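Here is the structure we will look at, set down as structure tokens.
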Amino acid sequence: MLPRDMISTGPLVLRPPVEGDADAIVKTCNDPVTAWFLPVLPSPYGPEDVRDYFAMAAAKWEAGGAEFAITENGRYAGSVGVRPPDHWGVAEIGYVVAPWARGRNVAAAAARAVTDWAFDHGIRRVELQAAVENVASVRVAYKSGFREEGRRREAKRLRDGRYVDMVAFARLKGDPVEAAEPYLPFFEGGRLSDGVVRLEPLTAEDAGDFHRMVTEPSVAAYFVGPPSTMEDDERRCRYTGYWWVSGQRIELAVRDAASGAFAGHVQLTQVAPALGQAMIGYSLVPEFRGKGVMTRAVNLLLEWAFANTALHRIVAGTEAGNTASQRVLERAGFRREGVHRELFPKAGGGRADDVAWARLRSS
């Protein structure tokens with residue numbers, strides 16, 4: 001049984017919800033972002049629903065869990081709850097932040113504080129789940145000291161009826177909590193541009209353009225692995241934010257800066273912090289070729305990476321016959337480093353050599 005405490009952390013106070021929170025809770029639950037990622041909430045959410053919430057909160061406390069209102073300067077800023085622990089001392093937390101309190105570290109501070117409090121009261125392990133597309137929630141998990149433990153495929157359903165993967169996180173009592181900066185920070189302002197090309201994260205809306213590009217014969221000829229389906233490429237676009245915030249890779253749409261038209265794709269992948277190394281890859285739709293678009297995109301991304309991350313070395317691999325890709329790398333300052341013989345498998349059973357390239361921070 002967890003005590004009905006109040007928890008103070010910085011400017012936040014966590015306390016059991018009260019009737020005076022009702023209007024703010026209704027507004028929070030009717031917010032489109034809240035409604036999207038919490039499809040179990042009634043929509044629209046009204047006074048009867050908030051009364052049900054207060055009854056649920058009281059029942060949760062009676063069952064051995066906890067339900068807190070997060071307040072900032074006395075104003076409701078969100079909620080965080082703890083499910084009753086099981087026989088092994090394992091509990092799960094969940095949270096929601098009011099629209100007017102987002103972007104101020106409210107959820108991360110509350111999640112960390114309530115988890116520390118749970119450990120103080122005998123809970124051994126605290127779990128947290130975030131939808132793979134809910135990048136804000138994934139960031140909260142990392143910032144509040146949770147470690148990723150895997151993904152649960154199509155574990156929950158969103159409001160549009162589509163099933164979504166959930167990222168599973170946990171903290172154990174005694175785990176060190178490090179407030180490390182992300183290895184791959186997000187772009188300031190969400191994009192990079194030199195006035196001619198623009199780089200921004202792939203989204204689900206790009207899936208059709210991306211799929212048409214990678215299945216175009218001149219692109220598919222250099223693709224490694226089985227051909228992707230439209231479903232594969234939509235999933236890839238939906239994972240972009242999660243991959244980025246978890247430090248695994250960056251997947252970007254290359255756009256014409258003036259029109260916003262999809263011109264191609266560039267990525268940083270195979271990120272190895274211990275080596276300070278990542279690999280760049282790219283593809284371009286036919287109508288944007290021969291205009292220097294990809295050279296600009298590659299230079300934009302590399303200049304950002306060397307200025308904003310600890311990466312020291314960016315590598316690339318090109319099939320020996322792909323002279324267009326090699327010219328992009330030469331113009332972007334890469335140097336040829338050698339050949340990996342018969343690395344790439346080809347349709348029909350043959351194999352092709354890989355020409356290896358690299359650009360260093362100092363070059």
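The values are calculated or read from the model by the stated rules, or taken from the named source; none is laboratory data. What you see is a predicted model; the values in this text were computed from it and never measured. Reconstructed Cβ throughout: ideal geometry from the backbone, glycine too, with neighbour counts over all protein chains shown. For the accessible areas, the whole protein counts, side chains as well, though only heavy atoms, and no ligand, DNA or RNA atoms are used. Shrake-Rupley method; radii C 1.70, N 1.55, O 1.52, S 1.80 Å.
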- prompt: Taking springs between alpha-carbon atoms closer than 10 angstrom, which of 94, 81, 150 fluctuates most in the Gaussian network model of the chain?
  reply: 150
statement: Heavy-atom accessible area of residue 360, protein chains in place, probe 1.4 angstrom, given in Å² to nearest 10, is 60
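Taking only protein heavy atoms into account and a 1.4 Å probe, give the accessible area per residue of segment 25-156 in Å².
Working: 6330 Å² over 132 residues.
Per residue, segment 25-156 has 48 Å² of solvent-accessible surface.
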task: Give the accessible area for residue 137 in Å² (nearest 10); use a 1.4 Å probe, count only protein heavy atoms, and leave out ligands, DNA and RNA.
output: 10
task: Could you go through segment 33-43 in sequence order and give the Karplus-derived ³J(HN,Hα) for each residue, using 6.51 cos²θ - 1.76 cosθ + 1.60 with θ = phi - 60°, rounded to whole Hz, and x for Gly and Pro?
output: 5, 4, 4, 5, 8, 10, x, 6, 6, x, 9
- prompt: Taking a probe of 1.4 angstrom, what is the accessible area of residue 361 in Å², to the nearest 10?
  reply: 90
- prompt: Which whole-number percent is the relative contact order of segment 297-363 (Cα, under 8 Å, 6+ apart)?
  reply: 38
query: Hey, what do the phi angles of segment 319-333 turn into as Karplus ³J(HN,Hα) couplings, whole Hz, using 6.51/-1.76/1.60 and θ = phi - 60°, x for Gly and Pro?
result: 4, 3, x, 8, 5, 5, 5, 5, 5, 4, 5, 4, 5, 8, x
- request: Would you mind pulling out the separation of the Cα centroids of segment 321-361 and segment 242-272, in Å?
  value: 20
message: Using a Gaussian network model on the chain with a 10 Å cutoff between Cα atoms, which of 40, 328, 106 fluctuates the most?
response: 40
- line: Computed ³J(HN,Hα) along segment 241-254: with the Karplus parameters 6.51/-1.76/1.60, θ = phi - 60°, integer Hz and x for glycine or proline, the list is x, 5, 4, 5, 5, 8, x, 8, 5, 10, 10, 10, 7, 9
- line: Dividing the mean separation of Cα pairs under 8 Å (6+ apart) by the residue count of segment 106-207 yields a relative contact order in percent of 24
statement: For the chain, whose charge dipole is built from +1 on Lys and Arg Cβ atoms and -1 on Asp and Glu Cβ atoms, the candidate among 30, 186, 355 with its Cα farthest towards the positive end is 355
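Counting other C-beta atoms within 10 Å, and keeping those with at most 12, which DSSP coil chymotrypsin sites (Phe, Trp or Tyr not before Pro) do you find in segment 63-132?
Working: sites: 68, 76, 88, 95, 100, 117, 119; in loops: 88.
Listed in order of number, the matching sites are 88.
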Shape of the chain, Cα gyration tensor, a/c cut at 1.5: prolate
message: Taking the Cα centroid of segment 8-63 and of segment 70-135, what is the distance between the two, rounded to the nearest whole Å?
response: 13
message: Can you tell me, using C-alpha contacts under 8 Å and at least 6 residues apart, the relative contact order of the chain as a whole percent?
response: 10
- line: To the nearest 20 debye, segment 76-209 has a Cα-centred charge dipole, built from +1 on Lys and Arg Cβ and -1 on Asp and Glu Cβ, of 480
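Accessible area of the chain with a 1.4 Å probe: how many percent of it is carbon plus sulfur?
On the way: 9220 of 17990 Å².
C and S atoms contribute 51 percent here.
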